[in-house]
Amino acid sequence: MKRPIVAALALLASTPAFAAHWNVDYSKSKLGFSVQWSKEPFRAVFETWKAGIDFDPADLAHARADVTIDLASETSDESDFDDGLKGPQGFATAQFPAARFTATGFTHKSGNAYVAIGTLSLHGVTRPVTLPFTLVMTGKAAHMTGTATLIRTDFGIGQGMWAGTDPVAHEVTVSVDLTATRE
């Protein structure tokens with residue numbers, strides 16, 4: 001009688017745990033950034049991006065997020081800026097068409113506050129990034145908002161006359177407003 005119980009416990013212990021998988025509702029979600037440009041805020045969004053998210057607040061050890069961003073899909077109210085931003089002194093989308101954020105660690109701060117810890121690969125450079133966020137879950141629905149501040153020159157964004165802090169600041173705030181449903 002003990003053998004089946006021991007075998008079942010061994011099987012459960014060897015089965016890896018997986019956090020819940022989430023499907024992003026891209027029509028209700030936004031991924032963008034803001035930066036001071038000529039001392040005025042410049043805001044843009046990425047129209048095309050994909051996120052694979054496995055997350056369970058009760059099982060942060062198995063939580064993961066992998067986000068790929070089509071840099072050529074950047075758009076703002078300033079089309080002249082958009083063209084330059086996608087060009088060789090900006091994102092250089094012909095050479096570096098995508099950015100990728102991979103979060104492999106999560107911590108719970110308090111209440112609905114969390115931090116995603118991972119790396120951002122952008123413009124041929126990979127650097128560590130932390131993304132503080134809030135998460136509200138209701139049934140199978142989740143709403144997450146968060147921001148992270150990056151230094152654009154750490155990723156080689158802004159060459160030549162654009163390498164300084166004038167007219168474009170070095171600090172860029174990336175913002176995420178994401179709605180998803182659990183599978």
TODO: Using only Cα atoms, find the angle between the long axis of helix 2-14 and the longest principal axis of the chain, and express it within 0 to 90 degrees, rounded to the nearest 10.
DONE: 0
Task: Around Thr126: net Lys/Arg minus Asp/Glu count, Cβ-Cβ under 12 Å - done: +1
Task: Rg/Rh ratio calculated on Cα atoms of the chain (Kirkwood radius) - done: 1.09
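Using DSSP to define loop residues, name the trypsin sites (Lys or Arg not before Pro) in the range 106-157 whose beta-carbon has at most 14 other beta-carbon atoms within 10 Å.
When the trypsin sites (Lys or Arg not before Pro) of the range 106-157 are filtered for loop state and at most 14 Cβ neighbours within 10 Å, Lys140 remain.
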Task: FRET efficiency for Ala163 and Ala61, using Cβ-Cβ distance with R0 set to 41 Å, rounded to 0.05 - done: 0.50
Task: Long-range HN-HN contacts of Ala20 with modeled amide H, under 5 Å - done: Phe55, Asp56
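Where nothing but the Cβ of Lys and Arg (+1) and of Asp and Glu (-1) is charged, how large is the charge dipole of the chain around its Cα centre, in debye to the nearest 20?
1000
Quote to one decimal, in nm, the extra length available between Asp80 and Lys50 on full extension: 0.36 nm per residue of separation minus the C-alpha distance between them.
8.2 nm
If each residue of separation counts as 0.36 nm, what is the full-extension length gain between Ala141 and Tyr26 once their alpha-carbon separation is subtracted?
Extending this stretch completely gives an extra 40.0 nm.
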TODO: Can you figure out the FRET efficiency of Glu183 with Thr119, using R₀ = 25 Å and their beta-carbon distance, to the nearest 0.05?
DONE: 0.45
TODO: Using a Gaussian network model of the chain whose springs link C-alpha atoms within less than 10 Å, name the residue from Thr165, Thr119, Thr102 with the highest mean-square fluctuation.
DONE: Thr165
Task: Amide hydrogen neighbours beyond the local backbone of Asp25, cut-off 5 Å, H modeled - done: Thr179, Ala180, Thr181
Task: Per-residue HN-Hα couplings for the range 56-65 [Karplus 6.51, -1.76, 1.60; θ = phi - 60°; Hz; x = Gly/Pro] - done: 9, x, 8, 9, 5, 5, 10, 6, 8, 9
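Readers should treat all values here as calculations from the given coordinates under stated rules, not as data from a laboratory. All values reported here derive from a predicted model rather than from experimental measurement. Virtual Cβ from ideal backbone geometry, glycine too; neighbours counted across all protein chains shown.
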